Amino acid sequence: MVENISRPVVRVQGLSKRVMSPEGELVLLRDLNLEINNGEAVAIVGASGSGKSTLLGILAGLDVPTEGKVWLDNDELFALDEDGRAALRQSMVGFIFQSFQLLPNLTALENVMLPLELAGAAQVEPQAREMLARVGLAERLHHYPKQLSGGEQQRVAIARAFVVRPKILFADEPTGNLDSTTGERIIELLFEMNREQGATIVLVTHDDALARRCSRSLRIDAGQLVAQPLTEAL
Amino acid sequence: MSRQLAATVRMSWRMLRRDWRAGELRVLSLALVIAVASVTSVGFFTDRVRLALENQANTLLGGDLVIISDSVLPAQLSSDATALGLQYSTSVEFPSMVMSGDRSQLSSVKAVEHPYPLHGELRIASERFAPDRGVASVPVPGTVWVDVQLLDQLAVNVGDRLMLGEAEFSIVAILTHEPARASGQLFSIAPRVLLNLEDLERTALITPASRVRHRMLFAGDVTAVAAFRALVEPDLQAGERIEGIEEARPEVRSALDRARRFLGLAAMVSVLLAGVAVATSSQRFIRRHLDSCAVMRCVGGSQQQILSIFMLQMLWLGLLAGAVGCLIGFAAQYVLVEIVGSLADFALPTPSMLPVLFGLLTGLVTQFGFALPPLLHLKNVPSLRVLRRELGALPTRSLSTYGLGFVVLAALIVWQAGDLKLGFYVLAGIVGALVLLAGVAFLLLKGLAAFRHHLFAEWRFGVTHLIRRPLSSVAQVIAFGLGIMVLLLFSVIRDDLLQAWGNSLPADAPNRFLINIQPDQVAPLTAFFEAEGITAPDLFPMIRARLLEINGESVLPNNYENARAQRLMERQFNLSWAEDMQTDNRLTSGQWWSASDEEPQFSVEEGLAKTLGIAIGETLTFTIEGQRVSAKVTSLRSVEWDSFRANFFVIASPGLLEPFPASYMTGFYLPAAEYQILDKMVRQFPNITVIDIAAVMAQVRRIIERVTLAVEYVFLFTLIAGLLVMYSAIYATLDERIRESVILRTLGAGRRRLLNAVIAEFITLGALAGMVAALAASLLGYLLATHLFQLEYHFNGWVWGLGIIGGGVGIGLAGVLGTRKVVNYPPMQALRES
């Protein structure tokens, strides 16, 4: 089921982030305004240190801005406290990280079960098993992260992100730690899962191939959006 | 809300199982299990030893409890005792003249009923000074057992007859030992005549005007005895008093007191070590879960939820490890009892269940004390850590991290010690040692820095590694130093302390006392000793006096609430005078007099001064033979009552008491085989009374021996805990070492080279730690010996050799074994994990 494609699911207004450094104030993001519509796949690109990951962290409510507002769906993110933002993430956000961020002491299955368990969901294990089968790891359920290859670990991370059926999926350099062949497979899987669930994807990447798969790219330079060129539609 | 709670509880349990399976909890749970096991086994064991020692001491009292009265004791007492399942035995004691032919002698008559005594035994001999034997009976009606002095004084022998009041008795045995008499009546002068209670009426000696002591002994289960005491004590009438083991002989009490301190110390150090091991391993656990925490926050866990999950996880772990530890502790103390039982005649009563409670509580309290601050920190781990790993790192070992743990540990130590002073000393010692260890370790590291260029390549590498991270190195030296210090304290210094204790009761400690020596007999008696080839002992003058006034205010027994004070005031004091202080006394305040002092002065034993509220500078007035004698108190002394040497509560400066008639007393050691000398002495000096305390001494010596043995075994657990501390200290740095080693190996360092560097680093660490540990152990041993156990302490050079060489080799070996994973870890796997 795909909802009305024109409704913005992420809205950013006047967003700035400044931090104090020994050399004085450092501007990470400067007065950003943007909208991302439901079902879109948006790549945030830019050089290292341009502020891409800072923007992603703020959009996901992991970090707080110095100024400006962010709405996820219709909820104003920073009107909520930390636990309120965590609850919002629980209900609508999925994550994929460059360094996978799997819990080393949990098996693949348990890593996927974790967000459902935290949400107090029922029928946790069957859902997690099904999702792991979906990413091709039905045979690796009881392996610990250190027993899996990088590509397999990222598949577990994808399963963990999609098992909660998120409205928005944030991904930080999802292929950054993988070789190009594995990276391509992961990209394929990511978009395939996205098609099935109809989620909105916001990802940070250096990978041109990945950026090209997105409906549009947002380029950031020195904390500012420099252009929003539309790439070919998905 | 409750659904949410139930979900959190389920989640915490699942996380515990997952962490366990993943091997995350092994060191922490091992630390907890060993902590609880050592504390409970020590608890169970000391509990049983304590009960056994009290039973031992009770044999000196003759029962668990005795009620003493001037008049016939109410029948209610025996029915109360029966109702509580206690055994009891009545006796009546009074002074009376005994006659045989034309001779008569004042004696202390005691009429007893079977069974008597309830604990310990009567010992009798069939002829003068012959070897004696224990008996489980009392004299049959018509017969008496008497002290050997009475035979001499009446010029009779076993088999002869004597008259007591209107009744005639046959002397069938010589009484050599009587437990209840040993208790508090060492100096009862008149010789004993023991008869059956049934014969008492026949003597017609008990009249309303007689000075009679009625005694009732009680014995039975500890709780029943306590219940009985609580029941009857409030209803005691004037002239009635109750005595338990606490009020028994000072020398036994003093031995027991030391015993408890030794065992308490052993148990306490286990608590401390356990705490350190738990602290190190729970820090590691939390450190490793920072990422998990951030991920959980990221996927929607609330702060409260995540904190609850980890808290509950710690709780389950504490309870489970506690339960396992209690079981192991319970089993271990049975093994201990078996070992001790096979080496000594040591019947231990069943332990109470209190150690289980203490063990569980110790586990939980230690765990939460040390884990709570870092656990609470988990709440502050920002979810952004998933993107920026440097955020929300655990603060380095700071006061706030360990502060709560140390406060909790301090409270536990004081509780376990059951003695504020002991707890305080050990705590002060630990804090002092920590500061000292840190300071000295820092200086030593500085010294090493200057020296390192003279070292071989790999040694230089290992030592440089230590120098580059001074804080972490100092922390490790402290951890190892603490472990080694405890090991030294409990091996070398413990032996020194125990030996010093054993020496406080030397093999030639006096076992016979002579009293009633007349002034004109002092010279002939000294000559008699010399003629028999025995070094003549010091003879002390003794004058009976009653304390009238303190600082001009008259004092009466009723002025005091304390039972001991009342009893002291009811009795006459034995005063003595001397130019010099006895060598085994120690001045605790004031000054001993000098020959030039003209003012008369008193020196008072500090315990007595405390009981009666006497301070330096106050004037004491005694009455002697109807005359008042006053002098100022100018010094207080401590006296080793368990040394068995003659000692006096109050000693006067020369000149004050000489005008009054005095008798003399002395104590000396007589080997058992030479008992005939006594026979000869009594014939030459018939008025002198000989008191044989060999049996009481043997009792105290046995207590010392058994406690020494018990401490040896209790020490095993402390040893295990000490080793665990070092293991956990090594383990705590494992993650960091693996990361470093991987980087070095990636850069081309060979495994052998890395291994040598690790060996060099650990040997250096161990030697440094050993050095500071030896210093700390020597100081702590000195403090414990002189301030707590009142023993003479000699510094032991072995501590240094053992500390430095043992520390270097031991830590070097343990370090390499513990971190061999570092050099064998596949670099790719480490890189992937990080």
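Bear in mind these aren't lab numbers, they're just calculated from the coordinates by the rules spelled out. Since this is a predicted model, take the numbers as computed values, not measurements. Neighbour counts run over all protein chains shown; Cβ positions are idealised from the backbone, glycine included.
Quick look at the numbers
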item	result
Three-way shape label, chain A, alpha-carbon gyration tensor, a/c 1.5	prolate
Other protein chain Cβ atoms within 10 Å, averaged over every residue that makes up B:297-310	6
Amide H within-cut-off set for B:Val109, under 5 Å, with H built and near neighbours excluded	B:Phe94, B:Ser96, B:Val193
Mean separation of Cα contacts under 8 Å (6+ apart) over length of the range B:87-219, as relative contact order %	37
Whole-Å distance, taken between Cα centres, linking the range A:51-98 and the range A:118-177	21
Residue exposure sequence - B:Arg26, B:Arg645, B:Arg752 - by fewest surrounding Cβ within 10 Å	B:Arg752, B:Arg26, B:Arg645
Relative contact order (percent, whole number), chain A, Cα cutoff 8 Å, 6+ residue spacing	27
Estimated distance in nm for a label pair at A:Ala222 and A:Asp75, the labels positioned 7 Å out from Cα along Cα-to-Cβ	3.7
Members of B:Lys110/B:Lys680; A:Lys17/A:Lys69; A:Lys146/B:Lys821 lying beyond 20 Å, as alpha-carbon distances in this model show	B:Lys110/B:Lys680
Alpha-carbon spread of the range B:512-689, three principal axes, descending order, Å	50, 39, 32
Straight-distance crosslink candidates among aspartates and glutamates, where the alpha carbon sits under 19 Å from A:Lys52 and sequence neighbours closer than 8 are dropped	A:Glu25, A:Asp31, A:Glu35, A:Glu40, A:Asp63, A:Glu67, A:Asp172, A:Glu173, A:Asp207, A:Asp208, A:Asp221, B:Glu390
Computed lengthening from B:Glu198 to B:Arg571, 0.36 nm per intervening residue step minus Cα-Cα distance	131.2 nm
Whole-Hz couplings from phi, Karplus 6.51/-1.76/1.60, listed for the range A:200-206; x for Gly and Pro	8, 10, 10, 10, 9, 8, 9
Packing-based ranking, highest mean first, of B:580-592, A:42-54, B:95-107 given that Cβ atoms within 10 Å are counted	A:42-54, B:95-107, B:580-592
Förster-model FRET efficiency, 60 Å R0, A:Ala133 and B:Phe795, C-beta, rounded to 0.05	0.25
Tail beyond 27 Å, pair distance distribution of the range B:87-219 (Cα, percent)	11
Gain on full stretching of the segment that runs from B:Ala527 to B:Arg628 - 0.36 nm per residue minus C-alpha separation	32.8 nm
³J(HN,Hα), Karplus 6.51/-1.76/1.60, whole Hz, each residue of the range B:289-306, x for Gly, Pro	9, 4, 5, 4, 5, 5, 5, 5, 5, 5, 8, x, x, 7, 3, 4, 4, 5
Estimated [θ] at 222 nm from DSSP helical runs (n ≥ 4, -39500 (n - 2.57)) normalised by residues in chain A, nearest 500	-10000 deg cm²/dmol
Derived scalar couplings ³J(HN,Hα) [the range A:180-186; Karplus, 6.51 cos²θ - 1.76 cosθ + 1.60; whole Hz; x for Gly, Pro]	5, 5, 4, x, 4, 4, 5
Options A:Leu56, A:Phe191, A:Gly68, ranked by Cα towards positive dipole end of chain A, top entry (Cβ charges)	A:Phe191
5 angstrom amide H check on B:Phe648, placed H, neighbours 5+ away	none
